[in-house]
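The next block holds one structure in the form of structure tokens; read it before the comments.
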Protein chains: 2
Amino acid sequence: MKKFMNSADDFLKESLQGFGAAHEDIVSCYYDPNFITRSSPTKDGKVALISGGGSGHEPMHGGLVGHGMLDAACPGFVFSSPTPDQMLAASEKVDSGAGVLFIVKNYSGDVMNFEMAAEMMSGPNASVLTNDDVAVEDSSFTTGRRGVAATVLVEKIVGSLAESGGSLQECKALGDKVNTNSGSMGVAFSSCTVPAAGKPTFELGADEMEFGVGIHGEPGRRRDKVKSAQEITNELLEAIIEDLKPENNEDILLFVNGMGGTPLTELYLIYDNAKKLLDGKNIKIARSLVGNYCTSLEMQGASITLTKLDQELVKHWDSAVHTAAMRWGM
Amino acid sequence: MKKFMNSADDFLKESLQGFGAAHEDIVSCYYDPNFITRSSPTKDGKVALISGGGSGHEPMHGGLVGHGMLDAACPGFVFSSPTPDQMLAASEKVDSGAGVLFIVKNYSGDVMNFEMAAEMMSGPNASVLTNDDVAVEDSSFTTGRRGVAATVLVEKIVGSLAESGGSLQECKALGDKVNTNSGSMGVAFSSCTVPAAGKPTFELGADEMEFGVGIHGEPGRRRDKVKSAQEITNELLEAIIEDLKPENNEDILLFVNGMGGTPLTELYLIYDNAKKLLDGKNIKIARSLVGNYCTSLEMQGASITLTKLDQELVKHWDSAVHTAAMRWGM
């Protein structure tokens, strides 16, 4: 295992310390229990958005804390769920009285721990559960579909509504809508290595890919020989389109996400190949996002997410955001 | 070789097409010869900034075209210099009469081709040559030191001066100053694979790193066993500090750059480890940048750049920028 680290035990803490120091104008990091908040307090009357999950998917979620997105993030150890005391401490810090909305990816451990935190809380709260991965039903750590890259889009769009004064129930409803409107699927060319494990999560042959891979290296639909980018892109898109059923001329957001070890050139090439297929189907790319946002450590791979848009979603997508990883309009 | 590609011949074109489509609000891409400009024309009387070089270092340079940075970028094939006709076509498109400043990394091919373009131009032009890599004198493709990640900082800082009306000579002088004030050094945990070559540029043992590696996989100071992040960070910083000689309490910009295949968690961990050493030497981190900006395809590795700051540099660093890869203040 080759990683920039000093010890598996200190990996998360040192990384958080660096993140907090590099972006002290945007975030504050707290330790024992670990959580990240905006550097400025939540406005009175604003719904507080909190997400979290195992580390290893950066910039999600810590890099998405800031104006227009999250109020706090709770990072667990790499690929391990955060504990309820992290959510409780974060909630206590950022709840300004309008309630807390938890944005939770559908993994059994995350779901259980966020539910436990919700039960222990005295104030009003609600949860949005993301499960956008169309690859498989049920998986190593999941009952039902996995929550993956669309979580980034949920955080952006609901973050905007919360910033503009949406109520807890309105924010939850919008988050559920973005999740329902989204479908994702990914492919891996390589595994990733959890620092504490010291060896790759799975093995792939020199000419193989895992088709429909999960963001922790969970198995997908099948192991296959590596194909051309256009073939891979087409198959990912067809699976998403079959699930999502966007209509002719419907506006969509096309999100090409890197798994951490894939260069931008290749992500843009996938974007080009995806555009060719979508153009052919008269599905209109109205907004887009390309980059490493929902990663799996150093995994080489990529996922595609489509989100069906309407005016409400576009308005909240376009609104100002100021986080470490996404910044526009201010 | 596992890459998202259809053929080595179409790799660059399809990637550029995707880049242009995903960011059509910021850039326009042109083909045969290949170059990228802002989507809106250069203001009359504004010095035009043009950079370029082999592809494979994305987001540098195409992702740095936009308000407050470059007016155009000329991408060569992967790790191959762009040709003079690319610079000439780009110059013709973006020169608004105030002259063209070329920002060129010190590689023999780039230097020769940019010089040739400059000679063929009728209008006023000048060049800034970056050579911030302190690892080695002379290298596979270089006489003198290599130009690496500080090129991103030169483009940001000079881009700001050009935007605010600086003359061609003022822009050149500021670019030279940023380069002189900067030192960089990198380390690789893995090689990278040029699409047209189909196999890794160099081989590294399972426990080895290339210390002082170049951004095309050129040899560095030595091959060594992988060490702890703190040891690697300390040695990179000591080499840069020995060269740059920042003084006690001098403000610096700390730039932790990923080579393409290194997750953000590890880059922030390096930042933390670097801060510990710099704090101990009373060198003040006044500004910072962390991320994959000057990459080497999918190489796992990182580099550190220090830039000595003064008020002029800080002002131009902080000013508004709107490119695909760097965006703030607007």
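The values are calculated or read from the model by the stated rules, or taken from the named source; none is laboratory data. No experiment lies behind these values; they were computed from the predicted model shown. Counting neighbours? That spans all protein chains shown, and the Cβs are built from the backbone with ideal geometry, glycine included. Calculation scope for accessible area: heavy atoms of the full protein, side chains included, ligands and nucleic acids excluded. Shrake-Rupley method; radii C 1.70, N 1.55, O 1.52, S 1.80 Å.
Of all residues in segment A:299-330, how many are within 14 Å of chain B (Cβ to nearest Cβ), open to solvent by 30 Å² or more (accessible area, probe 1.4 Å) and in a strand (DSSP E or B)?
The number of residues fulfilling the criteria is 3.
Just checking, does segment A:75-84 include any residue being away from every other protein chain (no Cβ under 14 Å) and more than 19 Å from the chain's Cα centre (by Cα)?
Within segment A:75-84, one or more residues are away from every other protein chain (no Cβ under 14 Å) and more than 19 Å from the chain's Cα centre (by Cα).
Specify which of the listed residues (A:VAL128, A:VAL136, A:VAL148, A:VAL158) is modelled with pLDDT under 95 and away from chain B (no Cβ under 14 Å).
One residue alone meets the criteria, A:VAL136.
Please state which one of A:ASP132, A:ASP138 is of a type in the set (D, E, K, R) and open to solvent by less than 50 Å² (accessible area, probe 1.4 Å).
One residue alone meets the criteria, A:ASP132.
Does A:GLY280 count as within 20 Å of A:VAL152 (Cβ to Cβ), modelled with pLDDT of 95 or more and of a type in the set (Gly, Ala, Ser)?
So A:GLY280 does not fit the description; no.
Going by the conditions given, is A:THR130 touching a residue at least 60 places away in the same chain (Cβ under 8 Å), hydroxyl-bearing (Ser, Thr, Tyr) and touching a strand residue (DSSP E or B) at 6+ places or on another chain (Cβ under 6 Å)?
No.
I'd like the full set of residues that are buried (at least 23 other Cβ atoms within 10 Å of the Cβ) and away from chain A (no Cβ under 11 Å), limited to segment B:15-36.
Hits for segment B:15-36 are B:VAL27, B:ASN34, B:PHE35, B:ILE36.
Looking at segment A:144-152, is at least one residue part of a loop (DSSP other than H, G, I, E, B), open to solvent by 10 Å² or more (accessible area, probe 1.4 Å) and without any contact (Cβ under 8 Å) to a residue 24 or more places away in the chain?
no
Do we have any residue at all in segment B:113-127 that's surrounded by fewer than 20 Cβ atoms within 10 Å (Cβ to Cβ), under 21 Å from B:GLU238 (Cα atoms) and not acidic (Asp, Glu)?
So far as segment B:113-127 goes, no, none of its residues is surrounded by fewer than 20 Cβ atoms within 10 Å (Cβ to Cβ), under 21 Å from B:GLU238 (Cα atoms) and not acidic (Asp, Glu).
Filter segment A:3-24 down to the residues that are within 22 Å of B:LEU289 (Cβ to Cβ) and of a type in the set (Gly, Ala, Ser) and list them by number.
Passing the criteria: A:SER15, A:GLY18, A:GLY20, A:ALA21, A:ALA22.
Taking segment A:273-285, which residues are of a type in the set (Gly, Ala, Ser) and either out of contact with any helix residue (DSSP H, G or I) (no Cβ under 7 Å at 6 or more places or on another chain) or facing another protein chain (nearest Cβ under 7 Å) (or both)?
Residue satisfying the conditions is A:GLY280 alone.
Just to check your reading of the model, which residue among A:LYS46, A:LYS3 is more than 26 Å from B:ALA286 (Cα to Cα), open to solvent by less than 20 Å² (accessible area, probe 1.4 Å) and either among the small types (Gly, Ala, Ser) or outside the structural domain of A:VAL128 (by TED's automatic domain parsing) (or both)?
It is A:LYS3.
Being surrounded by fewer than 22 Cβ atoms within 10 Å (Cβ to Cβ) and not acidic (Asp, Glu) is the filter; apply it to segment A:168-180 and report the residue that is farthest from the other protein chains (Cβ to nearest Cβ).
Within segment A:168-180, the match that is farthest from the other protein chains (Cβ to nearest Cβ) is A:GLN169.
Which condition number in (1) open to solvent by 10 Å² or more (accessible area, probe 1.4 Å); (2) farther than 20 Å from B:VAL314 by Cβ is the one that B:CYS192 fails?
(1)
Quick check on B:THR83: is it of a type in the set (Val, Ile, Thr) and either free of Cβ contacts under 8 Å to residues at least 40 places away in the same chain or surrounded by 21 or more Cβ atoms within 10 Å (Cβ to Cβ) (or both)?
Spelling it out, it is not the case that B:THR83 is of a type in the set (Val, Ile, Thr) and either free of Cβ contacts under 8 Å to residues at least 40 places away in the same chain or surrounded by 21 or more Cβ atoms within 10 Å (Cβ to Cβ) (or both).
I'd like the full set of residues that are of a type in the set (Gly, Ala, Ser), farther than 19 Å from A:GLY260 by Cβ and within 13 Å of another protein chain (Cβ to nearest Cβ), limited to segment B:213-272.
B:SER228 - this is the single residue of segment B:213-272 that is of a type in the set (Gly, Ala, Ser), farther than 19 Å from A:GLY260 by Cβ and within 13 Å of another protein chain (Cβ to nearest Cβ).
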